[in-house]
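One structure is given below, encoded as structure tokens.
The values are calculated or read from the model by the stated rules, or taken from the named source; none is laboratory data. Note that the structure is a prediction, hence the values are computed from the model and not measured. All Cβ positions, glycine included, derive from the backbone under ideal geometry; neighbour counts span all protein chains shown.
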Amino acid sequence: MTTSGPSSAQESALQQDCSAVAVRSVSKVFGAGAHAFRALDDVSVEIRQNEFFTLLGPSGCGKTTLLRLIAGFEQPTLGEVLLDGEDFSGKPPYQRPVNTVFQNYALFPHMTVAQNISFGLEMLGRPKDRIKSVTEDMLRLVQLEAMADRRITQISGGQQQRVALARALAPQPKVLLLDEPLSALDLQLRKEMQLELKRLQTDTGITFVFVTHDQDEALTMSDRIAVMNRGEILQIGTPRDIYNKPQHRFVAGFVGEINLLPAKTTGVNEFAIAEGDCLRSSQAALAPIGDDALLAIRPECIALSAPTDGSLAGVVSNVVYHGTDTIFHFKLENGQELRARSQNNAARSQTFAAGDRIGWSVDPASVSVLADDPS
Amino acid sequence: MNRAGKQTLFRILLIGPALLAITVFMIVPLLLMAYISFRGRDYSGGVLWDQFSAEAYIRLFFERELDGSLALNLNYMFIILRSVWLSFLTMVISLAVGLPVAMFMATRDAKWKAVLVFMVTLPFWTNLLVRNYAWILLLRDHGTINSTLMWLGIISEPLPLLHNSFAVAVGLTYSFLPFMVLPIYASLEKIDLRLVEASFDLYANRWQTMRRVILPLAYPGIVAGCVLVFVPALGSYITPELLGGGKTLMIGNLIGFQFGAARNWPFGAALGLFLLTLVLTSLWLYARRYRGELEGGQ
């Protein structure tokens with residue numbers, strides 16, 4: 001396929017430097033006048049080559065709109081979308097080297113499984129024998145060789161999902177867009193497909209842009225995650241960053257369970273949560289000394305102990321047993337309630353009952369300082 | 001009475017009215033028609049009820065000479081052939097015009113769709129007879145079209161637009177176009193727009209998307225539209241009567257003539273049954289051939 005020569009080698013080297021997808025200052029407004037709705041507000045993001053990138057957010061946050069802008073189904077009101085460094089603004093979807101796995105698969109009901117998969121290659125005008133061999137490869141990749149001549153209505157939801165995936169991968173796009181592709185599957189199948197998707201992404205080396213509202217899914221599969229809310233990207237980072245160092249109240253609340261603690265800034269990285277009770281964070285305060293601050297601590301980062309002098313104190317109000325772990329709800333003197341998660345381990349049976357006085361501590365590295373959400 | 005018996009009675013009572021209506025208004029008249037077609041002809045009109053005769057069916061193909069021998073006469077077959085041809089033409093033109101119209105309607109927003117569907121059905125609010133007379137005003141030698149063209153200096157002599165096959169085809173197309181548009185519109189409107197997006201996403205341009213995705217999915221509607229135009233066009237009466245000017249007879253006029261001026265009820269009944277057989281046979285052949293495809297399209 002490649003034409004040999006120094007120029008093409010240079011070109012491909014150049015392309016490696018470019019982001020697979022670059023979204024620059026993109027806004028999207030639907031409707032006009034009083035009914036105008038701003039689905040995306042000045043969004044910028046660079047998605048790297050061969051990356052599994054996830055757009056995570058609640059429904060209506062603009063993640064699907066962003067995906068549709070990349071696919072070309074919508075055009076941005078402002079800003080530009082670059083694919084491999086090339087500006088594709090104004091180009092229709094059929095001229096973009098991008099394929100989509102749709103939320104409800106959108107498989108062609110009047111075609112067989114194999115016809116669905118070969119559709120893109122046919123439209124690209126590939127030679128017949130190549131279409132045949134690629135289609136067979138794809139059927140093997142998603143383990144549906146036996147189903148090639150079945151109609152779409154004659155296969156199960158999980159199999160339809162695989163066909164949708166094979167159909168989108170067959171033309172070997174530069175970027176594969178996935179719009180909540182697992183949401184229609186049951187839990188067991190969803191878990192399997194999560195691993196399968198990750199495997200496919202690693203095997204094919206294609207950049208995946210994955211849209212979901214499921215934080216578990218995002219944390220399991222992604223190389224990086226962008227958390228979105230109300231048409232804005234609030235934080236971009238690795239799953240560990242997003243989970244351990246949330247920067248916004250929204251991100252902290254949306255991804256996993258977390259304790260939110262209102263506090264007062266008392267030093268560069270010192271915060272008072274109550275009279276005399278101080279917490280340190282490895283992150284610097286966002287506001288000057290004396291101002292309000294908001295801290296976030298994951299329940300599993302709080303260590304409980306017998307009350308001792310000088311440690312932070314509380315009273316257990318409720319104990320909830322979850323099998324692998326136990327959640328202790330406890331109250332501070334000022335009435336603030338916190339949760340601590342402790343893994344159950346028969347050998348280390350440290351347990352408390354409701355009403356017990358306890359001491360608690362937390363590592364400064366596990367205390368996040370949050371910015372309030374932009375409104 | 002036991003429970004099962006009560007249920008049976010209940011079922012019979014429920015299905016009764018429909019069964020009665022079908023028997024009285026369809027089966028009995030059809031049997032009556034078949035019976036009449038095999039009776040002798042009363043020259044003053046009506047039927048000789050006590051006399052069996054196959055004369056009506058012989059008359060479809062043969063003419064009885066004065067000495068009683070039979071000679072081949074294909075005049076009636078020509079009229080039937082012309083009816084089939086004109087109906088087919090009507091169907092093709094209706095499809096060519098109706099498909100883009102249905103497509104336009106299906107891609108508007110909900111408010112516009114309601115208005116457009118209303119506009120398509122609007123001609124039904126006027127009597128068919130009146131609408132055909134309107135076409136006479138448009139098509140005749142000094143009618144709207146000819147006088148406009150002559151006033152513009154495009155033609156010097158009026159074009160022969162009325163009282164020929166062209167006029168009948170125009171009139172039939174006009175009358176039956178809504179029957180083509182509405183079923184196609186219904187099937188287009190059901191198409192999931194995401195399938196169109198998927199097609200665009202897979203590098204199909206507008207034309208390819210139309211040919212490979214939209215038309216195959218609209219196929220059941222297109223078939224329904226074609227049947228709904230072809231079948232009633234084949235039996236049409238008023239349009240060829242008025243716009244054909246008695247020269248372009250169709251089978252419907254022939255049947256009407258037998259029950260009226262010709263006073264040959266058995267022959268009229270035989271023609272009617274022949275038309276019915278023709279339509280049912282062609283529909284059955286079509287259904288048998290395309291059964292698989294029709295079921296495949298959802």
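Okay, residues lined up against (1) buried (at least 20 other Cβ atoms within 10 Å of the Cβ); (2) within 8 Å of chain B (Cβ to nearest Cβ); (3) part of a helix (DSSP H, G or I):
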site	(1), (2), (3)
A:Thr65	yes, no, yes
A:Leu69	yes, no, yes
A:Lys91	no, no, no
A:Asp129	no, no, yes
A:Lys132	no, no, yes
A:Leu139	yes, no, yes
Wholly inside segment B:163-213, helices (runs of 4 or more DSSP H) that include 2 or more residues that are away from every other protein chain (no Cβ under 14 Å), of a type outside the set (Asp, Glu) and in contact with a helix residue (DSSP H, G or I) (Cβ under 7 Å, 6 or more places away or on another chain) are B:165-190
Hits in segment B:215-245 - residues which are among the small types (Gly, Ala, Ser) and away from chain A (no Cβ under 14 Å): B:Ala224, B:Gly225, B:Ala233, B:Gly235, B:Ser236, B:Gly244, B:Gly245
Conditions first: (1) away from every other protein chain (no Cβ under 14 Å); (2) in a helix (DSSP H, G or I); (3) over 19 Å from the mean Cα position of the chain (by Cα); (4) surrounded by fewer than 16 Cβ atoms within 10 Å (Cβ to Cβ). B:Phe267 passes all but one, so which condition is the exception? (4)
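Just checking, which of A:Ser118, A:Ser133 is small (Gly, Ala, Ser) and in contact (Cβ under 8 Å) with a residue 24 or more places away in the chain? Write out each step before concluding.
Numbers: A:Ser133 fails: in contact (Cβ under 8 Å) with a residue 24 or more places away in the chain.
A:Ser118 is the lone residue from the list that is small (Gly, Ala, Ser) and in contact (Cβ under 8 Å) with a residue 24 or more places away in the chain.
Check B:Ser282, B:Ser236 and return the single one that is of a type in the set (S, T, N, Q), closer than 30 Å to B:Glu189 by Cβ and not in a helix (DSSP H, G or I). Write out each step before concluding.
Working: B:Ser282 fails: not in a helix (DSSP H, G or I).
From the options B:Ser282, B:Ser236, the qualifying one is B:Ser236.
For segment A:94-103, name all the residues that are crowded, with 20+ Cβ neighbours inside 10 Å and at the interface with chain B (Cβ under 8 Å from one of its Cβ atoms). Explain how you work it out, then say what you get.
Let us first name the residues in segment A:94-103 that are crowded, with 20+ Cβ neighbours inside 10 Å, namely A:96, A:98-102.
Matches in segment A:94-103: A:Val98, A:Asn99, A:Thr100, A:Phe102.
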If B:Tyr76 meets every condition in (1) more than 19 Å from B:Trp207 (Cβ to Cβ); (2) in contact with an Asp or Glu (Cβ under 7 Å, 6 or more places away or on another chain); (3) touching a residue at least 40 places away in the same chain (Cβ under 8 Å) apart from one, which number is that one? (2)
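Is it true that some residue in segment B:144-151 is buried (at least 22 other Cβ atoms within 10 Å of the Cβ) and either in a helix (DSSP H, G or I) or touching a residue at least 60 places away in the same chain (Cβ under 8 Å) (or both)? Steps first, answer last, please.
Restricting attention to segment B:144-151, the residues satisfying the condition of being buried (at least 22 other Cβ atoms within 10 Å of the Cβ) are none.
Checked segment B:144-151: no residue is buried (at least 22 other Cβ atoms within 10 Å of the Cβ) and either in a helix (DSSP H, G or I) or touching a residue at least 60 places away in the same chain (Cβ under 8 Å) (or both).
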Here is a list: A:Ile206, A:Ile117. Which entry is in contact with a Lys or Arg (Cβ under 9 Å, 6 or more places away or on another chain), away from every other protein chain (no Cβ under 13 Å) and of a type in the set (Val, Ile, Thr)? A:Ile206
Out of (1) more than 14 Å from chain B (Cβ to nearest Cβ); (2) touching a residue at least 12 places away in the same chain (Cβ under 8 Å), the odd one out for A:Ala106 is which? (1)
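If only one of A:Ile236, A:Ile242 is in a helix (DSSP H, G or I), touching a strand residue (DSSP E or B) at 6+ places or on another chain (Cβ under 8 Å) and crowded, with 17+ Cβ neighbours inside 10 Å, which one is it?
Numbers: A:Ile236 fails: in a helix (DSSP H, G or I).
Every option except A:Ile242 fails the conditions.
Tell me yes or no: at least one residue of segment B:226-241 is within 30 Å of B:Ile79 (Cα to Cα) and either free of Cβ contacts under 8 Å to residues at least 40 places away in the same chain or touching a Lys or Arg at 6+ places or on another chain (Cβ under 8 Å) (or both). Break it down into steps so the answer makes sense when it comes.
Taking segment B:226-241 and keeping what is within 30 Å of B:Ile79 (Cα to Cα), we get B:226-241.
Adding the requirement that they be either free of Cβ contacts under 8 Å to residues at least 40 places away in the same chain or touching a Lys or Arg at 6+ places or on another chain (Cβ under 8 Å) (or both) leaves B:237, B:241.
Among the residues of segment B:226-241, at least one is within 30 Å of B:Ile79 (Cα to Cα) and either free of Cβ contacts under 8 Å to residues at least 40 places away in the same chain or touching a Lys or Arg at 6+ places or on another chain (Cβ under 8 Å) (or both), which makes the answer yes.
Only one residue in B:Val130, B:Val181, B:Val168 is among the hydrophobic types (A, V, I, L, M, F, W, C) and either closer than 26 Å to B:Val213 by Cα or touching a strand residue (DSSP E or B) at 6+ places or on another chain (Cβ under 6 Å) (or both). Which one?
Working: B:Val130 fails: either closer than 26 Å to B:Val213 by Cα or touching a strand residue (DSSP E or B) at 6+ places or on another chain (Cβ under 6 Å) (or both); B:Val168 fails: either closer than 26 Å to B:Val213 by Cα or touching a strand residue (DSSP E or B) at 6+ places or on another chain (Cβ under 6 Å) (or both).
Checking each option against the conditions leaves just B:Val181.
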Across (1) among the hydroxyl-bearing types (Ser, Thr, Tyr); (2) assigned to a helix (DSSP H, G or I); (3) at pLDDT below 90, B:Tyr219 clears everything bar (3)
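Being surrounded by fewer than 18 Cβ atoms within 10 Å (Cβ to Cβ) and either more than 14 Å from chain B (Cβ to nearest Cβ) or under 24 Å from the mean Cα position of the chain (by Cα) (or both) is true for just one of A:Gln154, A:Gln160, A:Gln201, A:Gln143. Which residue is that? Can you show your working first?
On the way: A:Gln154 fails: either more than 14 Å from chain B (Cβ to nearest Cβ) or under 24 Å from the mean Cα position of the chain (by Cα) (or both); A:Gln160 fails: surrounded by fewer than 18 Cβ atoms within 10 Å (Cβ to Cβ); A:Gln201 fails: surrounded by fewer than 18 Cβ atoms within 10 Å (Cβ to Cβ).
So the residue among A:Gln154, A:Gln160, A:Gln201, A:Gln143 that is surrounded by fewer than 18 Cβ atoms within 10 Å (Cβ to Cβ) and either more than 14 Å from chain B (Cβ to nearest Cβ) or under 24 Å from the mean Cα position of the chain (by Cα) (or both) is A:Gln143.
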For a quick check of your reading of the model, give me the residue pairs whose first member lies in segment A:291-302 and is more than 12 Å from A:Gly256 (Cβ to Cβ), whose second is of a type in the set (Phe, Trp, Tyr) and in a strand (DSSP E or B), with beta-carbon atoms closer than 8 Å and at least 6 apart or on different chains. A:Ala293/A:Phe271; A:Leu295/A:Phe271; A:Ile302/A:Trp360
Of the residues that sit in segment A:285-326 and are outside any loop (DSSP other than H, G, I, E, B) and among the hydroxyl-bearing types (Ser, Thr, Tyr), which one is surrounded by the fewest Cβ atoms within 10 Å (Cβ to Cβ)? A:Tyr321
Condition first: over 27 Å from A:Ala263 (Cα atoms) and modelled with pLDDT of 85 or more. Now tell me which residues in segment A:321-342 satisfy that. A:Tyr321, A:His322, A:Thr324, A:Asp325
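Residues to consider are A:Arg199, A:Arg230, A:Arg190; find the one that is out of contact with any strand residue (DSSP E or B) (no Cβ under 7 Å at 6 or more places or on another chain) and under 23 Å from A:Arg24 (Cα atoms).
Values: A:Arg199 fails: under 23 Å from A:Arg24 (Cα atoms); A:Arg190 fails: under 23 Å from A:Arg24 (Cα atoms).
Result of the check over A:Arg199, A:Arg230, A:Arg190: A:Arg230.
Within the group B:Arg82, B:Arg59, which residue is in contact (Cβ under 8 Å) with a residue 40 or more places away in the chain, outside any strand (DSSP E or B), closer than 17 Å to B:Phe166 by Cα and out of contact with any His (no Cβ under 9 Å at 6 or more places or on another chain)?
B:Arg82
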Condition broken by A:Val175, with the remaining ones in (1) more than 9 Å from chain B (Cβ to nearest Cβ); (2) surrounded by 22 or more Cβ atoms within 10 Å (Cβ to Cβ); (3) within 22 Å of B:Asp192 (Cα to Cα); (4) among the hydrophobic types (A, V, I, L, M, F, W, C) satisfied: (3)
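Take the residues in segment A:71-87 that are surrounded by fewer than 21 Cβ atoms within 10 Å (Cβ to Cβ) and part of a loop (DSSP other than H, G, I, E, B), then tell me which one is nearest to the other protein chains (Cβ to nearest Cβ).
Just the residues of segment A:71-87 that are surrounded by fewer than 21 Cβ atoms within 10 Å (Cβ to Cβ), to begin with: A:73-75, A:77-80, A:82, A:84-87.
Those still in the list that are part of a loop (DSSP other than H, G, I, E, B) too: A:73-75, A:77, A:84-85.
Numbers: A:Phe73: 6, A:Glu74: 11, A:Gln75: 13, A:Thr77: 20, A:Asp84: 17, A:Gly85: 21 Å.
For segment A:71-87, the residue satisfying everything is A:Phe73.
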